[in-house]
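One structure is given below, encoded as structure tokens.
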Amino acid sequence: MIPLSWYLIVSAALFCIGLFGVFARRNAVAILMAIELMLNAVNINLLAFWRYRTPTEPIGLAWSIFVLALAAAEAAVGLALVISIYRERDTVIAEELDTLKY
Amino acid sequence: MIQQIIFIVISFLTLLMGWIVVTNRNLFHAALALMGSFLGVAGLYVLLDAGFLAAAQLLVYIGAISILIIFAIMMTRRLMQTSETPFNNQWVLGGITSLVVFAVIAYVVLQVFPWQPGAQPFGAAPEVPGAVLEASVTQLGAALVSVDQYVLPFEVASVLLLAALIGAIVVAWPEKKE
Amino acid sequence: MLADWQFIGIFLALSPIFPAAPVIANWLLGPRKPNPLKQQTYECGVETVGDTWIQFKVQYYIYALVFVVFDVEAVFLFPIAAAYDQLGLFAAFEVVVFVLILAVGLGYAWSRGALEWT
Amino acid sequence: MHGLAAHWSGPDMSFNIVDFLFSLVQLTTFDYLRAVWEGDMSPGLIEAILDVIAILTVSTFLLLIVLFLIWLERKVIARIQDRIGPNRVGGRFGLLQTVADVLKLLTKETLTPAGADTIAYNLAPLLTVMTALLMWAVIPFAPNVIGVDLNVGLFYVLAVSSASVVTLLLAGWGSNNKYALLGAFRSVAQLVSYEVPMVLSLIIPILLARSMYMQELVLAQTVPFLIVAPLSAIIFFISALAETGRTPFDLLEAESEIVAGFHVEYGGMKFGMFFLAEFVSTLFMSGLFATIYLGGWRLFGLERLETFGPLLGLIVFFIKMFAVYFVFIWVRGTLPRVRIDQMLDLNWKFLVPLSLILVLVVAVVDKLIPAGAGDYYRAGVHLVSNVAVGFVALELLRRHAARQRAIYEERLVRAHSSAAEPEVMAEAAH
């Protein structure tokens, strides 16, 4: 007997922790990790609504798999960018990557 | 009752691990906590009767994405050794924003869905025969390739993965030295 | 459904006992006389120079990358394989297209020389 | 637990030692206990207690059988290399050799290297054994003996085994040692690479059985999948060799060439745990191979016998599992170690493309077979298509090898002619 709202609250909390990480961390890898947390929170939401609203149809399952694929693609490209930037600029601190400003 | 306790324990651990991910100075420990958080989320999936997604979470997030992250951490490590502050100078603002976002979402959620177990609407998961839930995996498989359901997102997902693979190789692979 | 996973949950909770018991027994039975020499990092008898950081090749990352892509592909293909009874020939062609699109990625990595261990 | 036999029922059954022993022989002990305890305890509690009993039994059994496996491996390897092997401790056959080794490990000092990351360093040996044990939860030992028949059975196995890769990174990082970290990176590259063909080859049994339930995978094997899909079985076997880090893919811990790899800094029982996990997971891979390719507990319907069927099934399963395990040892005793570039080339340029093509071929061929066709007809068609794919692959491999040889020989000849030193000429003259 777990109400839907509990899942939603937990997912919101996880999302906001991730959001805080994205806002506050300096390291680009850490920011990507925080984004992964946010994507996980999204998936909890999707599956919670699937289980409580349409458990007989695989809507939530299908979309959460797509989110999974998206997360994998995002992590792959994001981390490749971080590695590439590190090789060029010798830093992965997000604030120091500001050449576009000038 | 037992389910509620399990839920609370799992979500507490998940959130705690998430908190460690965003606050820990040591990036490797942050990555470990991230794995713990992923595992906790997989536990939530199991409570939601989505066993397949829990296994997929384990396979993709813990088995694959975490490894990518740890590889990236180790390849860019030199700067992380110095004891710098993990946060930038706008962390107070970021914290406030996150708190506000959380408050708004929580307020809306609790307005629509009551928090007491058993209260309507959706105070408890609807009763579904176990066989139906177990068959959801094959249902999912059939839906993924069925023309009037998910075949387009399915093929687009493969294109997305292809793009990610090629893009990441282009970005990360050093140019050949002539 | 949940009852099935109960077994896994209990297993997960109990399984640390089995490796922990011998390690703790080892800790209780073994001698405890640490000294700096014993705790040195093993580097073939030579003293350690610098910290444990080495320049890793991008190669490792590329392998993990291709692995991630094929792992996600497996997540899509497993439920389809399990539901293969309900599907027609057309579904088989969709699977073929799906796999071939990803095979292009593998082919690209190959032709770019990214799979080469140098 | 799925019970075939519902002999044990009735609201007021009491414990009876004869019935209990009989239920042990029938492998229906859990149904018996369930019937005995019914009414005394709530059903949830009964299930939980039975789960705990099952877990403790299986895990203890696995930990103990590793003692035997290590002895077996040493003995067989010794025989293959024309040695005697363990022969002092515990009688002529050295049966207690491993027990002595364990006692030695238990009395070693537990050291933590200076500067180690204590959390990662101590977590790694725990996690590696945990993942090795957790995989056994879905293996069907007999018709009615399986931890739990999950609806994602085989997928669960893959998920847990992929999670075990992380422990290597933990160990490598935690030790604060360059060699350990380098070893961990190499190991992870190997495991991650070989996971791709393994995952792809495991899609094929699922395609053929149309199910991920382990029991249904066994039930679907009227013709063992080793015959229906031999290529998939071979690919799985090769990648299982690599996943468990055994010869010819044991370059992670090539004792004779590099220091032991990611677990250099481990000693005593912590090292023992890595060793243990390696054996448990090798045995698991044998069990998995026996289950999905050799028909698990099936033996021409003999396991359907009324009373002793389940026990027979259990014995059959164990015989198959140990037969596969023996092949693992045999391979170790026969083949030399490969180089890391050869290993990765074999994977990415041969096994992965081959398994991709195989998945496509099996998927299409399976749909082309008319719906009403019998099991043997289907098996025959799949076998033919598999052999065709395998033949083409081998032919391509052969041509590639011939080309490589030609290039190599040409280079050799050129080196000789350009050098043209008197010594070389003299040697050639002899």
Determine whether B:L144 is at the interface with chain A (Cβ under 7 Å from one of its Cβ atoms), surrounded by 13 or more Cβ atoms within 10 Å (Cβ to Cβ), within 22 Å of the chain's Cα centre (by Cα) and free of Cβ contacts under 8 Å to residues at least 12 places away in the same chain.
yes
If you go through the range D:79-123, how many residues are in contact (Cβ under 8 Å) with a residue 60 or more places away in the chain, part of a loop (DSSP other than H, G, I, E, B) and buried (at least 16 other Cβ atoms within 10 Å of the Cβ)?
5
Could you grab me the full set of residues in the range D:171-215 that are free of Cβ contacts under 8 Å to residues at least 12 places away in the same chain and under 27 Å from D:I146 (Cβ atoms)?
D:R210, D:S211
B:L44: passes all of (1) more than 7 Å from chain A (Cβ to nearest Cβ); (2) of a type outside the set (S, T, N, Q); (3) not in a loop (DSSP other than H, G, I, E, B) but (1)
Among the numbered criteria (1) surrounded by fewer than 24 Cβ atoms within 10 Å (Cβ to Cβ); (2) of a type outside the set (F, W, Y); (3) at the interface with chain D (Cβ under 10 Å from one of its Cβ atoms), which single criterion is violated by B:T23?
(3)
Matching residues, the range D:129-163, being farther than 24 Å from C:A82 by Cβ and within 14 Å of chain B (Cβ to nearest Cβ)
D:M130
Of the candidates D:I84, D:I65, the one satisfying the condition of being at pLDDT 85 or above, over 26 Å from the mean Cα position of the chain (by Cα) and outside the structural domain of D:M273 (by TED's automatic domain parsing) is D:I84
Restricting attention to the range D:379-416, which residues are touching a residue at least 12 places away in the same chain (Cβ under 8 Å) and of a type in the set (F, W, Y)?
none
Does the range D:172-192 include one or more residues that are under 23 Å from D:T282 (Cβ atoms) and outside any helix (DSSP H, G or I)?
no
Go through the range B:122-141 residue by residue and tally those that are in contact with a Gly (Cβ under 7 Å, 6 or more places away or on another chain) and either assigned by TED's automatic domain parsing to the domain that holds B:G51 or in contact (Cβ under 8 Å) with a residue 12 or more places away in the chain (or both).
0
Can you find even one residue in the range D:61-78 that is surrounded by fewer than 21 Cβ atoms within 10 Å (Cβ to Cβ) and within 8 Å of chain C (Cβ to nearest Cβ)?
yes
Of the residues that sit in the range A:33-73 and are under 21 Å from A:A94 (Cβ atoms) and either aliphatic (A, V, I, L, M) or more than 8 Å from chain B (Cβ to nearest Cβ) (or both), which one is surrounded by the fewest Cβ atoms within 10 Å (Cβ to Cβ)?
A:I35
In the range D:274-287, is there at least one residue being over 21 Å from D:V129 (Cβ atoms), in contact (Cβ under 8 Å) with a residue 60 or more places away in the chain, surrounded by 23 or more Cβ atoms within 10 Å (Cβ to Cβ) and out of contact with any Lys or Arg (no Cβ under 8 Å at 6 or more places or on another chain)?
no
Read through the list (1) in a helix (DSSP H, G or I); (2) within 25 Å of B:E134 (Cβ to Cβ), then give the number of the only condition that D:F141 fails.
(1)
Which listed residue is without any contact (Cβ under 8 Å) to a residue 12 or more places away in the chain and more than 10 Å from the chain's Cα centre (by Cα), from A:I44, A:I17, A:I59
A:I59
Can you tell me which of B:T14, B:T97, B:T85 is among the hydroxyl-bearing types (S, T, Y), at pLDDT 90 or above and either surrounded by fewer than 18 Cβ atoms within 10 Å (Cβ to Cβ) or more than 18 Å from the chain's Cα centre (by Cα) (or both)?
B:T97
Please report, ordered by residue number, the helices (runs of 4 or more DSSP H) entirely within the range D:320-423 with at least 3 residues that are at pLDDT 90 or above and outside the structural domain of D:E278 (by TED's automatic domain parsing).
D:375-419
Restricting to the range C:81-92, and then to whatever is part of a helix (DSSP H, G or I) and over 21 Å from D:S162 (Cα atoms), can you tell me which residue is farthest from the other protein chains (Cβ to nearest Cβ)?
C:F90
Condition met for B:I62 (in a helix (DSSP H, G or I), under 23 Å from A:A28 (Cα atoms), facing another protein chain (nearest Cβ under 7 Å) and not aromatic (F, W, Y))
yes
Scan the range B:119-129 and tell me whether some residue there is within 13 Å of chain C (Cβ to nearest Cβ), more than 24 Å from the chain's Cα centre (by Cα) and not β-branched (V, I, T).
yes
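The values are calculated or read from the model by the stated rules, or taken from the named source; none is laboratory data. This one's a predicted model, so the numbers in the text were calculated from it and none came from an experiment. Note: ideal-geometry Cβ built from the backbone for every residue, glycine included; neighbour counts use all protein chains shown.
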